[in-house]
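Data block below; observations after.
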Amino acid sequence: MKVRFIILLFVLTSGVLLAQDTDKIKDLAPFVGHWIGTSTGFKDSKITRSEPAFEKIAMGLDGNILEIDLYSESLRLHTIIYYNAEEDIYKYNPFYKKGSASYPAKFENGKLVVTPTPEKRFIFEIMRDGRFREYGEQKKNGVWEKYFEDIFTRVD
C-alpha cells in the first residue's frame, strides 16, 4: 500500500513539474518555424562574412523542449533549450560536430538572452517586422559589441 502511494505521489509530482516546464517553454513559441535569411559576422564593427542561412525551430518532447537546427556555410548547429524549474532558468544546450555545451538563459521582454560568460551573450527575438533575429555580443572595455547577427524571414 505504501509503495503504491509513493508511486502515485511521484507520478503526480512529476506531472506538475512537467507542466511548469511546458508553460515556460511556451514563452518561446513565437520562435517556432522554418526561417531563411543571412548570417553576418563582424569584427571591430566591420562585416567579415555574410552567408545564406536556414533555421528550423520546433517544439519537442510534447512541448517540453525547443529544438533549433541551424545550417549555414560556416556552421551546423543543433540546440536544445529547456526550462530548469529548480534553478528557475532556461538551459541552452548547443551541439556542434566536435562537442557540446550548456549555458544559462533568461526570457526577458520577449527576448531569450543566453549568457555563456559575463562577457559574452546571445540574444534571440522576434523583431517588430515579424522577422527572427539572433545575435551575439562580446563585452570589450565595458561596452557590448556585436560579433554576429542572423536575420531570418519565416518561410512556413
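The values are calculated or read from the model by the stated rules, or taken from the named source; none is laboratory data. Quick caveat, the model's predicted, so the values are computed rather than measured. Cβ: placed from backbone, ideal geometry, glycine included. Neighbour counts: every protein chain shown. The accessibility values were calculated without ligands, DNA or RNA, using every heavy atom of the protein model including side chains. Shrake-Rupley method; radii C 1.70, N 1.55, O 1.52, S 1.80 Å.
In this label model, residue 46 and residue 98 are separated by 2.7 nm, measuring between points 7 Å along each Cα→Cβ vector. Around the Cα centre of the chain, unit charges on the Cβ atoms of Lys, Arg, Asp and Glu (plus for the first two, minus for the last two) sum to a dipole of about 280 debye.
Can you work out the accessible area per residue across the range 22-154, with the rest of the protein chains kept in place, probe 1.4 Å, in square angstrom? Walk me through the numbers before you get to the answer.
Numbers: 7550 Å² over 133 residues.
Per residue, the range 22-154 has 57 Å² of solvent-accessible surface.
Over 26 Å apart at the Cα level, from the set 43/120; 43/98; 46/97; 24/97; 111/140, are 46/97; 24/97. Sorting 61, 66 on solvent-accessible area from highest to lowest, probe radius 1.4 Å, gives 61, 66.
Sorted from longest to shortest, the spans of the Cα atoms of the chain along the three principal axes equal 69, 39, 34 Å. Here the label points at residue 89 and residue 140, each 7 Å from Cα along the C-beta direction, are separated by 2.6 nm in the simple model.
Taking only C-alpha pairs under 8 Å that are 6+ residues apart, what is the relative contact order of the range 22-154 in percent? All intermediate terms of the calculation are to be shown ahead of the outcome.
Numbers: 300 pairs, mean separation 27.7, N = 133.
It comes to 21 percent, rounded to a whole number.
A viscosity of 1.002 mPa s and a temperature of 20 °C, combined with the Kirkwood radius over C-alpha pairs in the Stokes-Einstein formula, give the range 70-156 a diffusion coefficient of 151 µm²/s. To put it simply, the accessible area of the chain at a 1.4 Å probe is 56 percent carbon and sulfur.
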